[in-house]
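First comes the structure, then the notes that go with it.
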Amino acid sequence: MSHEVCFMPSGKRIAVRSGTTILEAARKAAVHISSRCDAKASCLMCKVTIAPEWAEAAGVPTEAERRKLDSLLQEGQRLSCQARAWGSLVVTVPEDPLKAAVRRQLEKQQEDDDSLW
C-alpha cells in the first residue's frame, strides 16, 4: 500500500510504501535530513517533528527512540531513521544549522543596512 509523506516547510511530497522510514522517504524526495549513524538511532541528528494529528501514521516509537528522545516524544519529536510511514503524514524538518546561521547573519546585515538610511 502506498502513502504520501509531505515534508515541511518545503512542501515536497512523495508516495512511499507502508513501513518506509521517514529518512528513506526524505532521501527519495530530495529533502535533506542530516544523519551520521547509518540509521542506528545513535547520532540524534535526524530529528523531525510530527504533529499529533499525524502521530499514529508514523507508528509507535521504537525502544531506541524512547530511550534517546524521552520527553521530546511528547513534543512530537521523532527520529526519522526510526519513524515509519504507516499512513499519509506531514513531517516538519528543522532548518539546517549552517543555513540558519547564514540566514541570521544576512538578516542582521540587512537590519544594519536599513538603520543607516
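Across the stretch 36-75, the number of residues qualifying as more than 15 Å from PHE7 (Cβ to Cβ) and without any contact (Cβ under 8 Å) to a residue 40 or more places away in the chain comes to 27. In the stretch 1-25, the residues that are of a type in the set (Gly, Ala, Ser) reach residues that are at pLDDT below 95 with C-beta atoms within less than 8 angstrom, at least six apart or across chains, in these pairs: ALA15/SER2; SER18/MET1; SER18/SER2.
Yes/no per residue for (1) acidic (Asp, Glu); (2) farther than 21 Å from LYS99 by Cβ:
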residue: MET8; (1), (2): no, no
residue: GLY11; (1), (2): no, no
residue: ARG17; (1), (2): no, yes
residue: GLU24; (1), (2): yes, yes
residue: ALA39; (1), (2): no, yes
residue: CYS43; (1), (2): no, no
residue: PRO52; (1), (2): no, yes
residue: ALA57; (1), (2): no, yes
residue: LEU69; (1), (2): no, yes
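Has the stretch 34-48 got at least one residue that is open to solvent by 70 Å² or more (accessible area, probe 1.4 Å) and outside any loop (DSSP other than H, G, I, E, B)? The answer is no; no qualifying residue exists.
Scan the stretch 52-102 for residues that are part of a strand (DSSP E or B) and either among the polar types (S, T, N, Q) or open to solvent by 50 Å² or more (accessible area, probe 1.4 Å) (or both) and the total you get is 3.
The values are calculated or read from the model by the stated rules, or taken from the named source; none is laboratory data. Just so it is clear, the structure is predicted and the values come from calculations on it, not from any experiment. Neighbour counts are summed over all protein chains in view; Cβ atoms, including those assigned to glycine, are modelled from backbone coordinates with ideal geometry. Heavy atoms of the whole protein, side chains included, go into the accessibility calculation; ligands, DNA and RNA do not. Shrake-Rupley method; radii C 1.70, N 1.55, O 1.52, S 1.80 Å.
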